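Let me begin by presenting the structure, written as structure tokens, before commenting on it.
The values are calculated or read from the model by the stated rules, or taken from the named source; none is laboratory data. Because the structure is predicted, anything quoted here is derived from the model rather than measured. Note that each Cβ is placed from the backbone with ideal geometry, even for glycine, and that neighbours are counted across all protein chains shown. The protein model used for the area step is the full one, side chains on, heavy atoms only, and it has no ligands, DNA or RNA in it. Shrake-Rupley method; radii C 1.70, N 1.55, O 1.52, S 1.80 Å.
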Amino acid sequence: MAQQFQNFIGGKWVPPTTGKYLENRNPANWEEVLGAFPQSGPDDVNQAVQAARKAYDGWRLTPAPKRAEIVFEAGEILKRNKEELARQMTQEMGKILAETRGDVQEAIDCAYFAAGEGRRLLGDTTPCELPNKLGMSFRMPVGVAALITPWNFPMAIPSWKTFPALVAGNTVVLKPATDTPWSALNFVKALEEAGVPPGVVNFITGGGSTVGQPLAEHSSVNVVSFTGSSDVGKVLGSTCGSKLKRLSLELGGKNAQIVMEDADLDLALEGVLWGAFGTTGQRCTATSRLILHKDIAKSFTDRLVAAARGLKVGNGLEPGSQMGPCVNERQRKSVHEYVEIGKKEGAKLLTGGNMLTEGALGAGWFYEPTIFGDVKAGMRIEQEEIFGPVLSIVTVGSFEEAIQVLNGTPFGLSSSIYTRDVNRAMRAIRDIEAGITYINGPTIGAEVQLPFGGVKETGNGHREGGPTVIDAFTEWKSVYIDYSGRLQKAQIDR
Ligand code: NAD
């Protein structure tokens, strides 16, 4: 019988009102059941939101530096437990141990960064047009924040949202993806241990339509922060739009790395291998397209295909594994369907393209590192997010064409160019339509202190990370202080 985990509502671990649980399994070994997590329903959502609402005034009035101390302490707890948390995360979602250590580290970084904001949360003071009058603006919390997260960064993404939301004075209800409730629960336990007051952080697990949707719709939720697919983002866009509710969206990507003929090709090769096949390609910032200048296309492709064939696919806990499984059967099926689409579209399968079902790999959802050549701009495999270990290579004749191809999708999250020409690098920075551009680095590798997010269908203009995340979780209040002792009329007294 699998260990049963519970929801965290009003400072207590409680079973779901539905009485139902979902099994959490290891994608590298599907027989292995890691635990049973609540399959919650709208009543649980309601209880969690009510708890958050009840705790809000106490938390709002707790000085921000004190709120931040709890967040900082949660970071310290995560740091102490990093190795164990990383191992559990690899078991839960498959990425290799080096990467799950990185995921926990990102949550630690985020705790320290958000905690620093507790002594800033800066507003402005400004002169007024009338004498003996002061103008200032400051940040206020928004209220109850609903945080809905995906499975590919099971602790980092909850931390990007929760820590800044708390420091800014909001109370939260966190709903993780059904594939990764364990890592999110571990994250919440660190906050509990750090001393977060009851009701300030609430945690409920369950499906998108049974928990996510009612949570976003709840009339006592004031802000929704969502990271996930563009399809669900659009649904939430209409839900929140119809209620004029604040919504921050971090959605899909179709990121590209450009390699020009003047690039350091060894570096570019290492970069694309990491960007395309790290996290089994299941990153919103994964390198899904490689745009090669024609002069180096053939030789670079040959080397890349050889290197991809040499990648060791395996259980992420085994030393030497370089790429883990897809997160579940559905995801692997969807990756394989895209491979079939690519073939039908006339792209040339250079390596991979198969599910790995032999030996120990047969126990999980493993897929070969896959590369398509002869991909043309506009093909579906060049336009749509695949979210798996599939790389499409497009060959171009010029820098201008490279930028045009890179910009030619509905998404605009991450991007990269390898070149030794500083003028090209600067023009790329200016002309690429994306929220993130790397020069001589792969499309993955964001740090918490810079804004994170994208343009076009990747989001709705908000940015997580950096000081900008605070914008999602605060309202501005402008204050006018008139110490003249008389009625002064702006715009009229001149
Ligand atoms: P998903 O959209 O299927 O699910 C994300 C979360 O939304 C889950 O918790 C899910 O249960 C919930 N959900 C599903 N339907 C819902 C609904 N109708 N209402 C409310 N909540 C609902 O995404 P996923 O498969 O978990 O993650 C992969 C996607 O996330 C990819 O598209 C990837 O690009 C994107 N992603 C984006 C970023 C970013 O910062 N831009 C980061 C990581 C992942």
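Quick notes
- The condition (being part of a helix (DSSP H, G or I) and more than 10 Å from the ligand (Cβ to nearest atom)) is satisfied by just one residue among GLY278, GLY316, GLY320: GLY278.
- Identity of the residue in the range 220-242, within 7 Å of the ligand (Cβ to nearest atom) and of a type in the set (S, T, N, Q), that ends up modelled with the lowest pLDDT: SER230
- Within the range 421-446, residues that are under 21 Å from GLU464 (Cα atoms) have Cβ atoms under 9 Å from residues that are among the aromatic types (Phe, Trp, Tyr) and open to solvent by 40 Å² or more (accessible area, probe 1.4 Å) in these pairs: PRO442/TRP274; ILE444/TRP274; ILE444/TYR438; GLY445/TRP274; GLY445/TYR438, counting only partners at least 6 apart in sequence or on another chain.
- Strands (runs of 3 or more DSSP E) (entirely within the range 414-494) containing at least 3 residues that are of a type in the set (Gly, Ala, Ser) and modelled with pLDDT of 95 or more: 414-418
- For the range 383-413, a residue qualifies if it is surrounded by fewer than 24 Cβ atoms within 10 Å (Cβ to Cβ) and part of a helix (DSSP H, G or I), and the qualifying residues are GLN383, PHE399, GLU400, GLU401, ILE403, GLN404, VAL405, ASN407.
- Test for PHE153: is it open to solvent by 10 Å² or more (accessible area, probe 1.4 Å) and away from the ligand (no atom under 16 Å from the Cβ): no
- Of residues in the range 200-219 being crowded, with 23+ Cβ neighbours inside 10 Å and not hydrophobic (A, V, I, L, M, F, W, C), the one nearest to the ligand (Cβ to nearest atom): GLY212
- Of all residues in the range 177-184, at least one satisfies being open to solvent by 10 Å² or more (accessible area, probe 1.4 Å) and more than 13 Å from the ligand (Cβ to nearest atom).
- Residue list for the range 124-162, restricted to those being part of a loop (DSSP other than H, G, I, E, B), of a type in the set (S, T, N, Q) and under 24 Å from ASN46 (Cα atoms): THR149
- Residue match in the range 456-472 (condition: farther than 30 Å from ASP124 by Cα and of a type in the set (A, V, I, L, M, F, W, C)): no
- None of ASN81, ASN29 is under 23 Å from the mean Cα position of the chain (by Cα), of a type in the set (S, T, N, Q) and at pLDDT 95 or above except ASN81.
- Within the range 243-256, if we keep just the residues that are part of a strand (DSSP E or B) and either open to solvent by less than 20 Å² (accessible area, probe 1.4 Å) or modelled with pLDDT under 95 (or both), the residue that is farthest from the ligand (Cβ to nearest atom) turns out to be ALA256.
- Checking each residue in the range 225-242 for being part of a helix (DSSP H, G or I), open to solvent by 10 Å² or more (accessible area, probe 1.4 Å) and not polar (S, T, N, Q) picks out ASP231, VAL232, LYS234, VAL235, GLY237, GLY241.
- PHE187 fulfils the conditions (1) in the same structural domain as ALA107 (by TED's automatic domain parsing); (2) away from the ligand (no atom under 13 Å from the Cβ); (3) open to solvent by 10 Å² or more (accessible area, probe 1.4 Å) except for a single criterion, (3).
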